[in-house]
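Working notes, structure below.
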Amino acid sequence: MPYAKKTNKNTTRKQREYVKFKDLDRVVEVEDGVMWLQNGKYAQPGVTIAIDDEHALSDWTRKIKLRNVSLDVVENDRGYPELVISGAASDDPF
């Protein structure tokens, strides 16, 4: 996966490598990951997707497209709602 390496600034945690969306050269399947959305300038949210403990996708984006997924809202252990996006992997990512 070619990318410009950026690591987490918090040294007490494991170092995580971040990949910009434009530098991703293939479809990545996430078995069990987490996604964060942050407010950004000009109505562009910052999106970070933790693929595993060592790798994450992180960039600004204007649109997030979903294909062949199911959406569910569940309550986390603190009582807040979380959006769960799940779907089956396919041979044709588009």
(message) What are the ³J(HN,Hα) couplings of segment 58-72, residue after residue, when phi is run through the Karplus curve with 6.51, -1.76, 1.60 and θ = phi - 60°? Round to Hz, x for glycine and proline.
(response) 8, 5, 9, 8, 9, 9, 10, 9, 10, 10, 6, 10, 10, 10, 9
(request) Return the aspartates and glutamates within reach of Lys14: Cα separation strictly under 19 angstrom, same-chain partners fewer than 8 residues apart disregarded; answer none if there are no such residues. (result) Asp32, Asp52, Asp53, Glu54
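Just so you know, all these numbers are worked out from the coordinates, no wet-lab data involved. As the structure is a prediction and not an experimental result, all values here were calculated from the model.
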